[in-house]
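The values are calculated or read from the model by the stated rules, or taken from the named source; none is laboratory data. Computed from a predicted model, the values in this text were never measured in an experiment. Cβ sites come from the backbone with ideal geometry, for glycine too, and all protein chains shown count toward neighbours.
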Amino acid sequence: MKELDYRKCAAEFVGSLVLVLFGCGTAVMVGCSSENGSGYLLTALAFGLVIVAMAYSIGNVSGCHINPAVSLAMLIDGRMTGSEFVQYVISQCLGATAGAAILMGFVGKDSGLGANGLYDGNVMKSLLIEIILTFVFVLVILGVTSKKNTARLAGIVIGLSLTLVHILGIAFTGTSVNPARSLGPALLAGGDALRNVWVFIVAPLIGGALAAIFHKAVIKKSC
């Protein structure tokens, strides 16, 4: 295995911690019900703005994946090694869990910690929704980071794209598109969140992989 890159691991840990603390924290404090318009939009914006903030702070160190689905797509696209992928995912999951632990210290376990939930109690619908949302999100990331003339705007574009998928997805599943973001809160919240967390691990990984395959087969070949 390639020697551990502590700088990249630390960057991914901190980025994932901040994503869960601020994103899930906003969801807990202002609500993410589609009936609660302002809270709904604030939650979507919180997740997107975290990506913008982290992209321009840790992006030059690790690329600011802070999402195993993104790292998997980068692996498939040939932009990272298998060893780097493992290191990134471990760091992301640990960071997300630490962020959830800090949030639990503020608001308590009974708040739900912004954990994801099944749409209508339906596993298949939830899987499909998360696959589609993640596919779109990761495809944007692969596209905007593949060319030098768009790389400088990548943080803003990716942040806005995450906001976009949250605006649609919150009403369905609370929007995961990120296995680490789902795993951290679920581990500490327990109950249904922990029982169903596999959906929010498997679906984003499938969506990310499909986006990488589509990007390689269609977009790269046409450039």
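In the range 146-162, the residues that are closer than 17 Å to residue 74 by Cα and in contact (Cβ under 8 Å) with a residue 40 or more places away in the chain reach residues that are of a type in the set (Gly, Ala, Ser) and assigned to a helix (DSSP H, G or I) with C-beta atoms within less than 9 angstrom, at least six apart or across chains, in these pairs: 154/55; 154/59; 155/53; 155/55; 155/59; 158/48; 158/55.
Restricting 189, 154, 209, 203 to those that are touching a Leu at 6+ places or on another chain (Cβ under 8 Å), more than 27 Å from residue 104 (Cα to Cα) and of a type in the set (A, V, I, L, M, F, W, C) reduces the list to 209. Where the second residue is in a helix (DSSP H, G or I) and modelled with pLDDT of 95 or more and the first is of a type in the set (D, E, K, R) and lies in the range 91-111, which pairs have Cβ atoms under 8 Å and are six or more apart or on separate chains? What qualifies is 109/188; 109/189.
Has the range 153-161 got any residue that is outside any helix (DSSP H, G or I), under 14 Å from the mean Cα position of the chain (by Cα) and aliphatic (A, V, I, L, M)? No, the range 153-161 contains no residue that is outside any helix (DSSP H, G or I), under 14 Å from the mean Cα position of the chain (by Cα) and aliphatic (A, V, I, L, M).
For every residue, the table says whether it meets (1) closer than 22 Å to residue 197 by Cα; (2) touching a helix residue (DSSP H, G or I) at 6+ places or on another chain (Cβ under 7 Å); (3) modelled with pLDDT of 95 or more; (4) aliphatic (A, V, I, L, M).
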| site | (1), (2), (3), (4) |
| --- | --- |
| 86 | yes, no, yes, yes |
| 93 | yes, yes, yes, no |
| 101 | yes, yes, yes, yes |
| 128 | yes, no, yes, yes |
| 162 | yes, yes, yes, yes |
| 165 | yes, yes, yes, yes |
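Looking at the range 200-216, which of its residues are buried (at least 24 other Cβ atoms within 10 Å of the Cβ) and touching a Ser or Thr at 6+ places or on another chain (Cβ under 9 Å)?
Step one: of the range 200-216, the residues buried (at least 24 other Cβ atoms within 10 Å of the Cβ) are 200, 203-204, 207-208, 211-212.
Within the range 200-216, 200, 203, 204, 207, 208, 211 meet the criteria.
Restricted to the range 173-195, and to residues that are under 21 Å from residue 119 (Cβ atoms) and surrounded by fewer than 20 Cβ atoms within 10 Å (Cβ to Cβ), which residue is nearest to the chain's Cα centre (by Cα)? This residue is 194.
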